[in-house]
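Have a look at the structure below, then the notes.
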């Protein structure tokens, strides 16, 4: 198991404090910069590994940056603290963006990111909690994160812990039946300490979600299942910060984050083939310039 | 030498399970129960009355059931996730794999009414694939208590040393084959009867039947060793190797498919030695016809006389 990288934890603390104490504009600017760093890291990791899921990595980046640098009550130096906010990336194939975010938060040495998907690396193509500090549960097969998050939220309540649980699902992932089982449970148990974030980039591996197995009207469905729904621009950090505020009332919160798959690099944005295509060296140079 | 009293009283292991769980819940607030609308069939009525908040009924939704169990374990609780064996293992196999075994969350999966306990309800309700499916998952203990005492011990052990575990909680009534004080050691078979000619390895409901077979063999002058395979994983490789070197044949008996269960595990261990005795695996290899549990056990050759006959053949072969 890797251990915390304390110099990086100090940097994370400074950024976290700046986001908390800054004006809304200042905070958003700081989170935008963290997002840019994460995207650059993801680009480098995928370029080295010659594998990964760049489209989804880039659509979820701003969500991850906002949570880790602006919302979650965590201590990367003590990842096993009994009382902590929990985060699950249910769309585990976007591990590169999660690993970058965790490393920049200090959970482990950012130098480890160079090993992504390399032989015997802790940084598998999908996250493994027994190897990577900060990962709460192993994901990869879709439709697993939300049920586990429901259990964590219920468990925290039973233990009397002031814990918030966040889980990010892909929008295509919402086609999994297990998610709808869990949506029912969370509403039934009135888990106001649970926030589901749906990375609504409207693309899945093979086609547009609405051409495959349409999710619309997604907000209505979630509301009908008993959730409080907040719909935001998933790349607007100020809006995300607001959307991640605690629940009003006793219902769990679903944030539909409208995103662009491949966000940040013009030729990758909103194109189905970039689900897991690997950029050529030339494309990486171009992408790096766009993320400068 | 243990001689099985065929008139001995028999017990539904779910009763011991429920009593022990409730007792442990009183002493340890981390103990919670999770079920899929199976409060009655999992014998959790008493638990619900005493600890309504700690009985989480997710309804008929087994994928969510196991995922919620993993989340509760991650939060620091000790969840006993209870559902009829076939649905707990079949419907949510990927959750058991990814959320429990691979994620190493300390969930206690309780497969209620396993094997062919549901008799006439048919193969959809039989849990005879569970041992094959779950033995394929690294990091998951598989416990098959043979009687009410071992059931209590399995529950106690799960709280004392929580780890990803599947426990078969039997419904088909069985006689006692152990004493309340006999230890249930992780990864160890229990020696139910010493013997040197042939080894009979039974698990769960088949332990008392293997003992009955040993009595029949004794009448023929055949000295049968009987092992109670209370743990299928981790496997007691040492006891199997001893049986392979000290006795001339091994017969395994399980209320489960032989393709990947106890028999397969024993055969793999014996074969790895290079030279070993014949291994005869008794169990299922097809979907059951309509019938009561007793009828089906007889149909598949899972009785004392049938086990004894298999042992004689193995010794002759």
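Taken over the range A:106-122, the criterion of being more than 16 Å from the chain's Cα centre (by Cα) and either part of a loop (DSSP other than H, G, I, E, B) or within 14 Å of chain B (Cβ to nearest Cβ) (or both) is satisfied by A:106, A:108, A:109, A:116, A:117, A:118, A:119, A:120, A:121, A:122.
The residues of the range A:191-224 that are part of a loop (DSSP other than H, G, I, E, B), surrounded by 15 or more Cβ atoms within 10 Å (Cβ to Cβ) and away from every other protein chain (no Cβ under 13 Å), listed by number, are A:192, A:201, A:202, A:204, A:215. Residue under question is residue B:163, and the condition is that it be in contact (Cβ under 8 Å) with a residue 40 or more places away in the chain, surrounded by fewer than 20 Cβ atoms within 10 Å (Cβ to Cβ) and within 14 Å of chain A (Cβ to nearest Cβ); does it hold? Yes: the conditions hold for residue B:163. For residue A:63, the test of being in a helix (DSSP H, G or I) and farther than 29 Å from residue B:72 by Cα is failed. Under the condition of being within 13 Å of chain B (Cβ to nearest Cβ) and assigned to a loop (DSSP other than H, G, I, E, B), the residues counted in the range A:169-189 number 2. Apart from one condition, residue A:248 fits all of (1) surrounded by fewer than 19 Cβ atoms within 10 Å (Cβ to Cβ); (2) modelled with pLDDT of 95 or more; the exception is (2). For the condition at positive phi and within 14 Å of another protein chain (Cβ to nearest Cβ), residue B:53 does not qualify. For the range A:95-120, the set of residues classified as surrounded by fewer than 24 Cβ atoms within 10 Å (Cβ to Cβ) and either at pLDDT below 95 or touching a helix residue (DSSP H, G or I) at 6+ places or on another chain (Cβ under 6 Å) (or both) consists of A:110, A:113, A:117, listed by residue number. In summary, residue A:79 fulfils each of the numbered conditions (1) within 14 Å of chain B (Cβ to nearest Cβ); (2) closer than 22 Å to residue A:262 by Cβ; (3) in contact (Cβ under 8 Å) with a residue 40 or more places away in the chain with the single exception of condition (2).
In this structure, residue B:58 does not qualify as buried (at least 24 other Cβ atoms within 10 Å of the Cβ), within 14 Å of chain A (Cβ to nearest Cβ), over 18 Å from residue A:191 (Cβ atoms) and in contact with a helix residue (DSSP H, G or I) (Cβ under 9 Å, 6 or more places away or on another chain). With respect to the conditions (1) within 14 Å of chain B (Cβ to nearest Cβ); (2) part of a helix (DSSP H, G or I); (3) surrounded by fewer than 18 Cβ atoms within 10 Å (Cβ to Cβ), residue A:131 lacks only one, and its number is (2). For the range A:154-168, taking the residues that are outside any loop (DSSP other than H, G, I, E, B) and more than 7 Å from every other protein chain (Cβ to nearest Cβ), the one that is farthest from residue B:92 (Cα to Cα) is identified as A:157.
I'm checking my understanding of the structure. Among residues of the range B:32-50 that are part of a loop (DSSP other than H, G, I, E, B) and away from every other protein chain (no Cβ under 14 Å), which one is surrounded by the most Cβ atoms within 10 Å (Cβ to Cβ)? Looking at the filtered set, the residue picked out is B:42.
Out of A:143, A:56, A:151, one residue alone is crowded, with 24+ Cβ neighbours inside 10 Å, without any contact (Cβ under 8 Å) to a residue 12 or more places away in the chain and either within 14 Å of chain B (Cβ to nearest Cβ) or not in a loop (DSSP other than H, G, I, E, B) (or both). It is A:151. Is it true that some residue in the range B:163-174 is assigned to a loop (DSSP other than H, G, I, E, B) and more than 16 Å from the chain's Cα centre (by Cα)? Within the range B:163-174, one or more residues are assigned to a loop (DSSP other than H, G, I, E, B) and more than 16 Å from the chain's Cα centre (by Cα). With the structure loaded, tell me whether residue B:272 is buried (at least 24 other Cβ atoms within 10 Å of the Cβ), farther than 16 Å from residue B:119 by Cα and assigned by TED's automatic domain parsing to the domain that holds residue B:224 or whether it fails that test. No, not satisfied. Within the range B:72-105, the residues that satisfy the criterion of being within 27 Å of residue B:26 (Cα to Cα), within 11 Å of chain A (Cβ to nearest Cβ) and either under 23 Å from the mean Cα position of the chain (by Cα) or in contact (Cβ under 8 Å) with a residue 12 or more places away in the chain (or both) are B:72, B:73, B:74, B:76, B:77, B:78, B:79, B:81, B:100, B:104, B:105.
The values are calculated or read from the model by the stated rules, or taken from the named source; none is laboratory data. Nothing here was measured: the structure is a model prediction, and the numbers come from that model. Note: ideal-geometry Cβ built from the backbone for every residue, glycine included; neighbour counts use all protein chains shown.
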